[in-house]
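Student: Sharing a structure, written as structure tokens. Questions coming.
The values are calculated or read from the model by the stated rules, or taken from the named source; none is laboratory data. The model shown is predicted, which means the values in this text are computed figures rather than measured ones. Cβ placement follows ideal geometry from the backbone for every residue including glycine, while neighbour counts extend to all protein chains displayed.
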Amino acid sequence: MRLRHSLILRSRAKRGVSKDGLTAATLALPAAARAQTWPSQPIRIVVPYPPGGLTDVLGRLVGERLQAGLGQPAVIDNKPGAATQVGASFVAKAPADGHTLLLATVSTLCITPALYTKPLIHHTDFAPVAMMGRVVLFLVCRPDLPVADPTGLVTVLQARPDAYSYGSPGVGTAHHLLVELMRSKAPFSATHIPYLGSAKALLDLMEGRFDFMFLDAAVALAPIKAGKLKVLAVTGSSSDPTLPEVPPITTFFPGLDLQPWMSIVGPAGLPAPIAARLNGELNKALADPVFVQRLREVGLAALPLSTDAFGDFIKRDAARWTELVRSSGAKAE
């Protein structure tokens with residue numbers, strides 16, 4: 001009886017191990033199966049801004065490339081609201097199956113969460129897919145301001161505290177925060193005039209209603225070339241091919257290398273093989289001179305990264321922008 005009882009226990013133990021092994025294998029199958037059969041339906045690219053702007057244009061360019069490379073339609077879904085949090089939270093809650101993606105800017109992932117006391121999203125709610133590029137900004141001023149570069153601008157501002165003013169597309173935008181970063185490098189006092197977007201700000205700057213601002217290249221190039229704006233520097237640590245004679249702002253302020261950027265992310269938990277496939281398709285586009293030129297035309301400098309490198313980039317940039325928001329005192333209105 002003891003021998004028989006021992007054999008029964010061993011048999012049960014073997015059956016238990018086998019069952020556990022099958023269970024583990026079964027649990028592992030869905031992710032692998034999803035990666036093998038993906039995409040099985042149209043891919044939705046959520047753009048958390050209204051139609052017509054740079055983000056919308058980029059979303060459609062990305063959609064064209066993914067549709068061509070993956071063989072499934074790509075649908076652009078504009079979901080603006082709450083400083084991009086409406087569209088972003090929609091994606092964060094979507095199934096992590098690679099069929100719902102977010103066109104994410106530095107504002108969505110790094111700045112907005114720091115502006116709100118109770119943000120709807122955090123960058124950890126998303127899986128990195130592909131960095132698309134840096135948004136090129138120019139530091140510009142009204143043409144009659146007697147300065148030639150950022151150092152001269154600061155000298156003028158320091159000589160007459162609060163006598164000058166600067167514009168931005170809104171409180172807490174990258175454009176606003178970059179002026180705050182300048183102030184941290186070389187203290188000065190100037191009045192901030194926030195607008196709802198860059199269009200009205202551009203008109204008022206050209207008419208001399210305020211004195212300087214950071215402005216998107218896509219908006220700034222024409223008035224610069226027409227002599228209606230004076231350009232002092234370009235953001236980042238290298239010159240831009242659109243105006244190669246304009247020096248990078250780090251020439252005057254080392255460490256002032258923060259730049260806005262645009263990317264594609266998915267919900268947290270996105271299977272790594274799907275993220276890698278998306279990353280490969282988009283980096284292939286970023287290696288295509290025709291696609292890169294189309295980005296240049298809308299003010300974006302291509303910056304291909306792997307998913308791991310992009311994930312590390314988000315973490316570093318989120319920490320830097322969060323600290324800048326806190327030091328500036330900017331809050332969501």
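Student: Quick one: is residue 226 small (Gly, Ala, Ser) and either crowded, with 16+ Cβ neighbours inside 10 Å or under 22 Å from residue 177 (Cβ atoms) (or both)?
Tutor: Numbers: small (Gly, Ala, Ser): yes; either crowded, with 16+ Cβ neighbours inside 10 Å or under 22 Å from residue 177 (Cβ atoms) (or both): no.
It is false that residue 226 is small (Gly, Ala, Ser) and either crowded, with 16+ Cβ neighbours inside 10 Å or under 22 Å from residue 177 (Cβ atoms) (or both).
Student: Turning to a different aspect of this structure: Residue pairs, Cβ under 6 Å, 6 or more apart or interchain, first in segment 190-201 and surrounded by fewer than 16 Cβ atoms within 10 Å (Cβ to Cβ), second part of a strand (DSSP E or B). List them.
Tutor: 191/165
Student: Inspect all residues belonging to segment 144-163 and state whether any of them is within 21 Å of the chain's Cα centre (by Cα) and in contact (Cβ under 8 Å) with a residue 24 or more places away in the chain.
Tutor: no
Student: Here's another thing I want to ask about it. Going by what's in this entry, would residue 174 be described as buried (at least 23 other Cβ atoms within 10 Å of the Cβ) and assigned by TED's automatic domain parsing to the domain that holds residue 224? Working first, answer last.
Tutor: Working: buried (at least 23 other Cβ atoms within 10 Å of the Cβ): yes; assigned by TED's automatic domain parsing to the domain that holds residue 224: yes.
Yes: the conditions hold for residue 174.
Student: Residue check: is residue 319 surrounded by fewer than 19 Cβ atoms within 10 Å (Cβ to Cβ), among the small types (Gly, Ala, Ser) and over 19 Å from residue 58 (Cα atoms)?
Tutor: yes
Student: Condition first: of a type in the set (S, T, N, Q) and within 26 Å of residue 217 (Cα to Cα). Now tell me which residues in segment 307-333 satisfy that. Full working, then the answer.
Tutor: Here is the first cut: in segment 307-333, the ones of a type in the set (S, T, N, Q) are 307, 322, 327-328.
Correct list: 322, 328.
Student: Within segment 287-296, does at least one residue satisfy the condition of being β-branched (Val, Ile, Thr) and buried (at least 19 other Cβ atoms within 10 Å of the Cβ)?
Tutor: no
Student: Just wondering, is there one or more residues in segment 227-235 that are among the small types (Gly, Ala, Ser), outside the structural domain of residue 313 (by TED's automatic domain parsing), in contact (Cβ under 8 Å) with a residue 12 or more places away in the chain and over 30 Å from residue 274 (Cβ atoms)? Show your work before the answer.
Tutor: So the first thing to find is which residues in segment 227-235 are among the small types (Gly, Ala, Ser), and the list is 227, 233.
So of that shortlist, the ones also outside the structural domain of residue 313 (by TED's automatic domain parsing) come out as 227, 233.
Retained after the next criterion (residues that are in contact (Cβ under 8 Å) with a residue 12 or more places away in the chain): 227, 233.
Then drop every residue that is not over 30 Å from residue 274 (Cβ atoms), which leaves 227, 233.
Yes, that holds for at least one residue.
Student: Confirm whether residue 91 is crowded, with 19+ Cβ neighbours inside 10 Å and over 20 Å from residue 259 (Cβ atoms).
Tutor: yes
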